[in-house]
Protein chains: 2
Amino acid sequence: MEIPKGKLIAIGGNEDKGTEPEPNFNQKNNLNFFGLQILSRIVHEIGGHDSYIEVITSASSIPDEVGQNYLDAFGKLGCTNVRVMSIRNREDAQKPEILERIKNCNGVMFSGGNQLRLSSIFGGTEFLRILQHRYLHEDFTIAGTSAGAMAMSNTMIYQGSSSEALFKGEVKITTGLALIRDVIIDSHFVTRGRFGRLTQAVAANPSCIGIGLGEDTGVLIAEGRYLEAVGSGLVIIIDGHHIRHSNIADLKEGSPISIENLVVHVMSKGNSYDLSTRKFSAEVTSA
Amino acid sequence: MEIPKGKLIAIGGNEDKGTEPEPNFNQKNNLNFFGLQILSRIVHEIGGHDSYIEVITSASSIPDEVGQNYLDAFGKLGCTNVRVMSIRNREDAQKPEILERIKNCNGVMFSGGNQLRLSSIFGGTEFLRILQHRYLHEDFTIAGTSAGAMAMSNTMIYQGSSSEALFKGEVKITTGLALIRDVIIDSHFVTRGRFGRLTQAVAANPSCIGIGLGEDTGVLIAEGRYLEAVGSGLVIIIDGHHIRHSNIADLKEGSPISIENLVVHVMSKGNSYDLSTRKFSAEVTSA
């Protein structure tokens, strides 16, 4: 498979869904639960303060507020060339002006909200084709928080309560933006107790590495394989390749699941993980 | 080490702490979140309906209500010889009448509440010595739910929020009733998202196997080693013996933890695990 020249930055955070009003969003400095330290790293990876950054708020049910909040936050970091794309449906995503902008920017930032909005608005569009192409062939950075992080992979969780997540059928999976394959990304991981949810997703898709992102925590993914933990919290890696027994195929919906031999790593800032070799390292590794 | 002739039954459930009023306790048929199916198994293991069972409510802040609730529940199962021990402090635990009762009963049931009450009331007492001796040398069953389950092991979690549990120092450990060694038992595991809490406890005590019990779910432990999952939910086993890197020793309090290579099993009813060989089995194994 081709080695992407671009980078992904997936950040955990508030993944308010559907028409929920994202009640905590307007807290001061609150960018769906990640701080300026991570935003600063995003700016650095995109290319610095002068870079042309597009904020994509399509996942959100309150895109104007969210967009303004990102403009303010990037502004605090001295960024002078940040714009918000107003894309609410598939028609918007196909406008020539929008396509021109996605071709010309230096990087994008997907906000939180509902990841199904992202997959249903962008799936199969020219917009997504350009995004994928630029990520593969250019030094182009795609950042996303929460829903914007969860939608990056091919296999995407879109529903599943934490408390019931180890009962079969409770975790719903669909296809995301497919910027990266063979991973499943979950957000808001530590606070909401989503170990069971990601575990079920990994057991049902054992070729995928589960990446659980805490709040104000994320991973930078270089060359489509090298993960570096960033931010103040934890990244949980769930590797299902060593699963021996799993009853997920034979089980009735709603029955409890049994799984033998998941390998789990707990990463904090500066730790890294290679998706290809499936090796954890306490230091930052890269090409 | 000596092979215990007795059995332990550790059940997950509500672990209301300190002086909290256990608000959900008085729901109909609610025994700190486990059902009559498990209670029926407890009765069976203790020796049937005619067995003399002592209910120990010392962990609870509302021992009378809790005791009555257990009497009602055991009564529904046709048990005719169940008594509640009123032990509120170390003096109570040393009364000759109480010691006589613990020598004569066929099995005991520890209620939920605060596990620190159990360790501080019973630690180092003649009462506990009798309990340990009967468990080792007789076909004697000790059941416990929630706090009563968590207190069974030598290494006992007594505090630690779920959301902060992967930051060093957030999980507090002390010595439990030491009926079993080299395990750490956590309760209410799936609903409250306690993966991080048990993970930190295991990383700091890697000789211990972590046993995370869901609500209405438990393990029957025979010969001090054979675990059988019982009830309607899940038991999560966390094995820290394969941990390669862990920064827990060098870390400042409050900093995030990193851990490489935890082995995790998800067990449901009928699955078993051998603490000595650290092997999962989809079937019930025993001596």
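Observations, loosely collected:
- Each residue in region B:10-54 was checked for being touching a Lys or Arg at 6+ places or on another chain (Cβ under 7 Å) and either modelled with pLDDT of 95 or more or part of a loop (DSSP other than H, G, I, E, B) (or both), and 2 pass.
- For A:D216, the conditions (1) surrounded by fewer than 24 Cβ atoms within 10 Å (Cβ to Cβ); (2) at pLDDT 85 or above; (3) under 25 Å from A:K7 (Cβ atoms) all hold with the exception of (2).
- Criterion (in a strand (DSSP E or B) and under 29 Å from B:G254 (Cβ atoms)) met by exactly one of A:V284, A:V263: A:V263
- Any hit, region B:78-87, residues being outside any loop (DSSP other than H, G, I, E, B), modelled with pLDDT of 95 or more and within 23 Å of B:A178 (Cα to Cα): yes
- In the set (1) buried (at least 24 other Cβ atoms within 10 Å of the Cβ); (2) under 22 Å from A:D274 (Cα atoms); (3) at pLDDT 90 or above; (4) out of contact with any helix residue (DSSP H, G or I) (no Cβ under 6 Å at 6 or more places or on another chain), A:T199 fails one condition alone, (3).
- Qualifying residues in region A:232-287 (those that are over 20 Å from A:D186 (Cα atoms) and among the hydroxyl-bearing types (S, T, Y)) - the one farthest from the other protein chains (Cβ to nearest Cβ): A:S286
- Qualifying positions in region B:262-275 - surrounded by fewer than 19 Cβ atoms within 10 Å (Cβ to Cβ) and modelled with pLDDT of 95 or more: B:D274
- So B:Q132, is it farther than 17 Å from B:L275 by Cα and at pLDDT 90 or above: yes
- From the list A:I248, A:I238, A:I243, the one residue that fits, being surrounded by fewer than 24 Cβ atoms within 10 Å (Cβ to Cβ), in a loop (DSSP other than H, G, I, E, B) and at pLDDT 90 or above, is A:I243.
The values are calculated or read from the model by the stated rules, or taken from the named source; none is laboratory data. This one's a predicted model, so the numbers in the text were calculated from it and none came from an experiment. We place every Cβ from the backbone using ideal geometry, glycine too, and count neighbours over all the protein chains shown.
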